[in-house]
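I have placed the structure first, in the form of structure tokens, so that the comments after it can refer back to it.
Just so it is clear, none of the values below were taken in a lab; they were calculated from the coordinates. Note that the structure is predicted; figures quoted are calculated from it, not measured. Here the Cβ is made from the backbone with ideal geometry for all residues, glycine too, and neighbour counts use every protein chain on show.
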Amino acid sequence: MFDGYTASELVSILAMQGFAGLILFSVFLLMALGLAIIFGQMGVINMAHGEFMILGAYMTYLTSHLVQDYAPGLFGGYFFLAMIVAFIAAGALGLLLEWALIRHLYRRPLDTLLATWGVSLILQQIYRSVFGAREVGVTLPDWMMGALSLSDTIEVPINGLFVMALTLVISGIVFLLMFRSSWGLQVRAVTQNRVMAGAAGINGRRVDAMTFALGCGIAGVAGSAFTMIGSTGPTSGQLYIVDTFLVVVFGGAQSLLGTIASALTISQSQSTLEFFLSGSMAKVFTLLVVVLILLVRPQGLFVLKVRKA
Amino acid sequence: MAGIGGGVAQAAPATAEVNTTGLAVTDTEVTVGILHSVTGTMAISETGSVQAEKLAIEQINASGGILGRQIKIIQEDGASDWPTFAEKARKLLVNDKTAAVFGCWTSASRKAVLPVFEKENGLLYYPTFYEGLEQSPNVFYTGQEATQQILAGIDWVMKDKGAKSFYLLGSDYIWPRTSNKIARKHIEMNGAQVLGEEYFPLGHTQFNSVINKIKLRKPDVIYAIIVGGSNVAFYKQLKAAGIDLSKQTLLTISVTEDEVRGIGGENIAGAYAAMKYFQSLDNENNKAFVKAFKDMWGQDMVIGDVTQAAYLGPWLWKAAVEKAGSFDVDKVREASAGIELTTAPEGYVKIHPNHHLWSKTRIGLAKADGQFEVLYETAELMEPDPFPKGYQ
């Protein structure tokens, strides 16, 4: 397994694979965070999560073109603008969807699964009609390409670092919102006991709507970040949805901490295995590990204790 | 433009003469099928094929049709789903009685429709470069089979770049695996070395690990046949990891102008592709083809290898029907061997008795504007060899 590598090469391998794993971790977390908020806090299985991500990606694509055409001087910084546009667009669509559809389906998780699956198909067709069936890619400003050399053999891609920083910032904001703001207190109260929360004067309807919009908005930002590594087509969202659910379910649906731990576990095992096995086999082993752990702990890695009555 | 087939419109012979098997042929019209995915994950790739086939058919109709009959199209959507392909193929042959079908893209869809075409004795023109190891009396393969793409590409990179070691990468399904098997054999037979071989699920977007391995192993050539959207992630991450394609040789047989559009020319500039066709080919046939294609489908369109091969289908069928003097599938098949197109955008092609085309293999250098500069082409047409000895 270690044949053909010298000791110093092995050190480089470990360092670079560690970074690759951290980048993968950031990607997983970014994908799963929005889904975990919606699924964990509201019990809604949002099958259209991937399409919200793709909306963010298309918004980034549009922004890059608009900036290139009308303000080429600002191109170096367009990505920050694009992420804001992506967040607003996906969040607004989420708000609309919640109002039109989701709020009628609370407490019927399987129905939300079907309904949002339908929504995802509709969105795919809309993307196809508006943007065409072919994939589009965005051009990145030069500073985001290239690698940072830490030593002769250890190099870290800059856009990977960018995704890591972005994930840190977003996770930080979500953490502050959930655990340090009065709105977060309301969300947690509604999650634990809707009736009591209502009796205490919390507007459950508004909390639901905002939570759903926030989750969708984060998906939009994730999509925006993905344009750095992948292309965007009408059906690209489906590529991510399985991995995203894997992270959320493995982590324990109702715990944001669980989502983080699960993203870390899956990404590190995937990244390490990938170096010594082939890409496909690494995926197989990762899935196997997840299945085995879920056999032992069906609720996922972390479970929030909720009174079930 | 009169179209690439040329010739004068013939007086229409009687229907009873040109159609003895009950195909959908009337005194003025002949019906054909187009069967591609216009929805689902393959729509991205197959759109170009549909466009090229419609262009060819429109040009044939404008130049007087076939045996005095205008071509009518019935288009079905395979929806990126192989059982659907089989079902729609049956509909096109049994219900619609189409005289020929232009379609399929993935090997999986072709394998799904193959029994239907053989049972109903239909005629399929299949445009994609593919792994070979197949020959059906009911299919004409207008793309290149594996040896026509792989061997010439590897020979070139060994001779021109002095390559002695390779790292093979691919998506995890039949085409890349079979192609790499042939590539490995050819590399080793020529005294060079394979340093690594790896496969990734379709749609995979994280290539950091394998890129790290490539950096450590330092192969002379990265031989990448990753398919579809994964390419975008791969080339962007390659560039981000500091691998400069002007110094590190990379040869691909899976990236055409279509994929480059998603990848971004600046991310893949410097890579080499082994194909039989590039949009930038400098000849009169191709200039006319590119212009007609853009006039019909939009000036910002790009044309890849498979799109051109799809364009050949209707023209090859027309030539065979006219030689046979009949639309009957058996007669068209019999007339096909030896049919040549001197006016194909790729230059010149000829149908081999094994139902594949004689064609040239070319090496293109990817440029930042998304086009390829043609550096080399095989001197002779390569004979198609779908069952290469010693490579199976």
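Remark: relative contact order (region A:203-309) = 26 percent; criterion is Cα-Cα distance under 8 angstrom and separation of 6 or more residues.
Mean partner shielding of peptide A:232-243, defined as the number of other chain Cβ atoms within 10 Å of each residue Cβ, is 4.
Packing order of peptides A:266-274, A:290-298, highest average first: A:266-274, A:290-298 (average count of other Cβ atoms within 10 Å over each peptide's residues). Highest average first, the peptides A:24-34, B:287-297 ordered by how many other beta carbon atoms sit within 10 Å of their residues are A:24-34, B:287-297. Residues within the reach of a label modelled at B:N354 (point 7 angstrom out along Cα to beta-carbon, backbone nitrogen below 17 Å), restricted to region B:320-340, are B:337-339.
Of the residues B:A14, B:G264, B:A337, the one whose Cα sits farthest towards the positive end of the charge dipole of chain B is B:G264 (charges of +1 on Lys and Arg Cβ, -1 on Asp and Glu Cβ, taken about the Cα centre). Dividing the C-alpha radius of gyration of region B:291-392 by 2.2 N^0.38 Å, with N its residue count, gives 1.27. Taking Cα centre as origin and charging only the Cβ of basic (Lys, Arg, +1) and acidic (Asp, Glu, -1) residues, the dipole magnitude of the protein assembly as shown rounds to 2440 debye. Between the listed residues A:V85, B:V50, B:I187, the Cα displaced farthest toward the positive end of the dipole of the protein assembly as shown, a dipole computed from Cβ unit charges relative to the Cα centre, is found at A:V85.
Shown here: the protein assembly as shown, whose C-alpha atoms stretch 88, 60, 54 Å along the first, second and third principal axes, sorted largest to smallest.
Here the Karplus curve 6.51 cos²θ - 1.76 cosθ + 1.60, taken at θ = phi - 60°, turns the phi angles of region B:163-172 into couplings of 5, 10, 9, 10, 10, 9, 10, x, 7, 9 Hz, with x standing for Gly and Pro. Using the empirical formula 2.2 N^0.38 Å as the baseline, the Cα radius of gyration of region B:232-293 reaches a ratio of 1.29. Each part gets one Cα centre, and for region B:240-300 versus region B:16-51 those centres are 28 Å apart. Here region B:69-111 and region B:318-392 have alpha carbon centers that stand 22 Å from each other.
For peptide A:274-283, the mean count of partner chain Cβ atoms within 10 Å of a residue's Cβ comes to 6. For region A:171-259, the relative contact order comes to 12 percent (Cα pairs under 8 Å, sequence separation of at least 6).
In a reduced charge model with +1 at each Lys and Arg Cβ and -1 at each Asp and Glu Cβ, chain A shows a dipole moment near 1660 debye about its Cα centre. Each Lys and Arg Cβ is given +1 and each Asp and Glu Cβ -1; about its Cα centre, chain B then shows a dipole of about 940 debye. In whole angstrom, how far apart do the alpha carbon centroids of region A:202-266 and region B:187-215 sit? So the two Cα centres are separated by 31 Å.
Listed by chain and number, the lysines whose alpha-carbon sits under 18 Å from that of B:K111, ignoring those within fewer than 8 places in the same chain, are B:K88, B:K91, B:K119.
With a threshold of 18 Å on the Cα-Cα distance, the over-threshold entries among B:K181/B:K213; B:K213/B:K367; B:K54/B:K294; B:K215/B:K236 are B:K181/B:K213; B:K213/B:K367.
Taken one residue at a time, the phi angles of region B:337-353 give Karplus couplings (6.51, -1.76, 1.60, θ = phi - 60°) of 4, x, 4, 10, 10, 7, 10, 5, x, 6, x, 8, 9, 9, 7, 7, x Hz. Gly and Pro are set to x. Fraction of C-alpha pairs exceeding 31 angstrom in chain A: 33 percent, rounded to a whole number. Each peptide in B:367-376, B:77-86 was scored by the mean count of other Cβ atoms within 10 Å over its residues; highest first, the order is B:77-86, B:367-376. Here the contact order of chain A, divided by its residue count and restricted to Cα pairs under 8 Å and six or more residues apart, works out to 35 percent. Shown here is the pair-distance distribution of region A:237-279: with all Cα-Cα distances grouped in 5 Å bins from zero up to the longest one, the shares run 5, 24, 22, 22, 18, 7, 2 percent. Remark: for residue pairs B:K239/B:K287; B:K72/B:K318; B:K159/B:K247, the C-alpha separation exceeds 25 Å in B:K239/B:K287. In chain B, the alpha-carbon atoms span a convex hull of 118 Å³ per residue.
For the segment A:15-25, counting C-beta atoms of other chains within 10 Å of every residue's C-beta and taking the mean gives 3.
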